[in-house]
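The values are calculated or read from the model by the stated rules, or taken from the named source; none is laboratory data. Computed from a prediction, not measured in an experiment: that's the story for all the values here. Positions of Cβ are generated from backbone atoms using ideal geometry, with glycine treated the same way; all protein chains shown enter the neighbour counts.
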């Protein structure tokens, strides 16, 4: 293969990619559909795909592993792997060491559920390979984004129609019916809003641009009328990061966001302003129904901090819950902390905490550098990914779990990172890396 001219090699691989694109939608559609199968019991019982199936693996684990192995086998003999950016190596090794230590330490301390906290990370790494293999050209990227948004729009329309005709859940705000409560779905809705607005600028066809606009409106409306403050902040921060540097997006993006807020105010009058006031953490549970979770979230962080003070270097490791003191009315024991930094410190020790911040700093800096690429589709994905992932990281430092605790969120992150890794290089490097990560 090395004796062939680069131009001939690129042409041959481009033909392989064209044949491969015929399988793009059948591969991506079920993966994106997994984003909307509920993993937690916030809105009702979790989906059966999260039930245990074989040897401790869940049905969804087996399905994703099957997709990963199938992709690796398809790609095995095609070409050599992409070069992994060196910027990820050192923090990645440090976190891997911290992870192994936390498993061993947790097992020594009597932990039994040793795979609970990091299962999503393992699946994410494998899915980066999958998305990178199938979405490794700008044309495939455009198709993948459209499939993602189509799956999201179908889900959003169903949820909002159900809400319109009396469905929904009671949970986000006391006494107020909302379309849903599931955090992963709402975070993915934020991603859909950012992607649809950014890619609409690159779309020359009026009909498809209108489709992007409709998807953005659906995503904004769904996030806003669910009244979960975490995702209000996530959507706002991601929007500011995306819109501010791009003059084309400022007016259009801000208009979509404002329209969604105004529509929410009309649909649920009287609640919107009160929910905004509940951002004041000094307003305790008794002051307002709209702030009823404030003290619970503070208590959650303080209970975790008590555990960290007892194990400041090692954390408590994997596999076991810890007893709560301040939030016994909410839960008597806890497996997660609603704060990414405290959660990582608690489970992976001080080394894991350092690796976590180090890796995300380098990841976001690397994504930011891709915004200056030559292909406009790749630029659009890099800008949307930077805005969304930065917002997720910022919000998770407040009262939100770390981003890798749920499989749904890990699929979304793998989609962004896998595509960017595959599309990071020039035409010549693409010829050498179109096969497998």
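Does any residue of the range 141-151 turn out to be under 22 Å from residue 224 (Cα atoms), in contact (Cβ under 8 Å) with a residue 40 or more places away in the chain and surrounded by 22 or more Cβ atoms within 10 Å (Cβ to Cβ)? Break it down into steps so the answer makes sense when it comes.
So in the range 141-151, the residues under 22 Å from residue 224 (Cα atoms) come out as 148-151.
Keeping just the survivors that are in contact (Cβ under 8 Å) with a residue 40 or more places away in the chain gives 148-149, 151.
From what's left, surrounded by 22 or more Cβ atoms within 10 Å (Cβ to Cβ): 148-149.
Yes: the range 141-151 contains one or more residues that are under 22 Å from residue 224 (Cα atoms), in contact (Cβ under 8 Å) with a residue 40 or more places away in the chain and surrounded by 22 or more Cβ atoms within 10 Å (Cβ to Cβ).
To keep it simple, each residue is scored yes or no on (1) assigned to a helix (DSSP H, G or I); (2) modelled with pLDDT of 90 or more; (3) touching a strand residue (DSSP E or B) at 6+ places or on another chain (Cβ under 9 Å); (4) within 17 Å of residue 155 (Cβ to Cβ).
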{"site": "194", "(1), (2), (3), (4)": "yes, yes, no, yes"}
{"site": "197", "(1), (2), (3), (4)": "yes, yes, no, no"}
{"site": "212", "(1), (2), (3), (4)": "yes, yes, no, yes"}
{"site": "234", "(1), (2), (3), (4)": "yes, yes, no, no"}
{"site": "245", "(1), (2), (3), (4)": "no, no, no, no"}
{"site": "249", "(1), (2), (3), (4)": "yes, no, no, no"}
{"site": "261", "(1), (2), (3), (4)": "yes, no, no, no"}
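Among the residues of the range 162-192, write down those that are touching a residue at least 40 places away in the same chain (Cβ under 8 Å), in a helix (DSSP H, G or I) and over 13 Å from the mean Cα position of the chain (by Cα).
Here is the first cut: in the range 162-192, the ones touching a residue at least 40 places away in the same chain (Cβ under 8 Å) are 163, 169, 171-176, 178-192.
So of that shortlist, the ones also in a helix (DSSP H, G or I) come out as 163, 183-192.
Within the range 162-192, 163 is the sole residue that qualifies.
Of the residues 398, 373, which is farther than 27 Å from residue 104 by Cβ, at pLDDT below 90 and within 19 Å of the chain's Cα centre (by Cα)?
398
Out of everything in the range 100-122 that is touching a helix residue (DSSP H, G or I) at 6+ places or on another chain (Cβ under 6 Å) and farther than 23 Å from residue 417 by Cα, what residue ends up being surrounded by the most Cβ atoms within 10 Å (Cβ to Cβ)?
102
Among the residues of the range 329-338, is there at least one that is surrounded by fewer than 16 Cβ atoms within 10 Å (Cβ to Cβ), under 19 Å from the mean Cα position of the chain (by Cα), under 30 Å from residue 195 (Cα atoms) and modelled with pLDDT under 95?
no
Kindly indicate which of 301, 353, 342 is free of Cβ contacts under 8 Å to residues at least 24 places away in the same chain, in a helix (DSSP H, G or I), farther than 30 Å from residue 200 by Cβ and touching a helix residue (DSSP H, G or I) at 6+ places or on another chain (Cβ under 8 Å).
Details: 301 fails: free of Cβ contacts under 8 Å to residues at least 24 places away in the same chain; 342 fails: free of Cβ contacts under 8 Å to residues at least 24 places away in the same chain.
Checking each option against the conditions leaves just 353.
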